[in-house]
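Below you'll find the structure, written out as structure tokens, and then a few comments.
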Amino acid sequence: MAYLTVSQIEARLDEDPRYSVPHFAWKSEPFYRLPFPGAESLMQAGQWVALHLRRYQTPGSKSLKIIVGHGAALRHAAVHLGLVSNDRLVIWCHLTGMHMHGIAKYPRVNPGTLLN
């Protein structure tokens, strides 16, 4: 399944009477997991990446470690590491590399409560 296109995955789901085709944004849903053996949600993938990042962390080291992965796994790893909340992270890729911008995870204040 990992090497199929979105259309091919949806066609497989449509062909199997046990499953229904997921909603249009299923691929971006953090907790959605395809109903196939070995499938994982974005949050589960991020959990694995966060585990490995913690394992390879070397406090005080002056060496450079290059981490390669797909953007969604890195984004959700940042959530698991407590660096950002899931709704406050933007990632985009272009020829110069991947850029991550987010708002640090701080308690939120509802603007309506400031008026009370």
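From the list 3, 32, exactly one residue is in a loop (DSSP other than H, G, I, E, B), of a type in the set (Phe, Trp, Tyr), without any contact (Cβ under 8 Å) to a residue 24 or more places away in the chain and surrounded by 10 or more Cβ atoms within 10 Å (Cβ to Cβ). Which is it?
32
Filter the stretch 79-100 for residues that are modelled with pLDDT of 80 or more and hydrophobic (A, V, I, L, M, F, W, C); which is farthest from residue 27 (Cα to Cα)?
81
Take residue 18 and tell me if it is assigned to a loop (DSSP other than H, G, I, E, B), within 17 Å of the chain's Cα centre (by Cα) and at negative phi.
no
Working only within the stretch 8-58, note down all residues that are of a type in the set (Gly, Ala, Ser) and either within 24 Å of residue 79 (Cβ to Cβ) or modelled with pLDDT of 90 or more (or both).
Within the stretch 8-58, 11, 25, 28, 38, 39, 41, 45, 46, 50 qualify.
Could you please let me know if residue 49 is more than 24 Å from residue 82 (Cβ to Cβ) and not charged (D, E, K, R)?
Here the answer is no, as residue 49 does not meet what is asked.
So, of the residues in the stretch 59-77 that are touching a residue at least 12 places away in the same chain (Cβ under 8 Å) and among the small types (Gly, Ala, Ser), which turns out to be most open to solvent (accessible area, probe 1.4 Å)?
Step by step, filter the stretch 59-77, then rank; the result is 69.
The values are calculated or read from the model by the stated rules, or taken from the named source; none is laboratory data. Please read all numbers here as calculations on a predicted model, not as lab measurements. We place every Cβ from the backbone using ideal geometry, glycine too, and count neighbours over all the protein chains shown. In case anyone asks, the SASA skips ligands and DNA or RNA and just uses the protein heavy atoms, side chains included. Shrake-Rupley method; radii C 1.70, N 1.55, O 1.52, S 1.80 Å.
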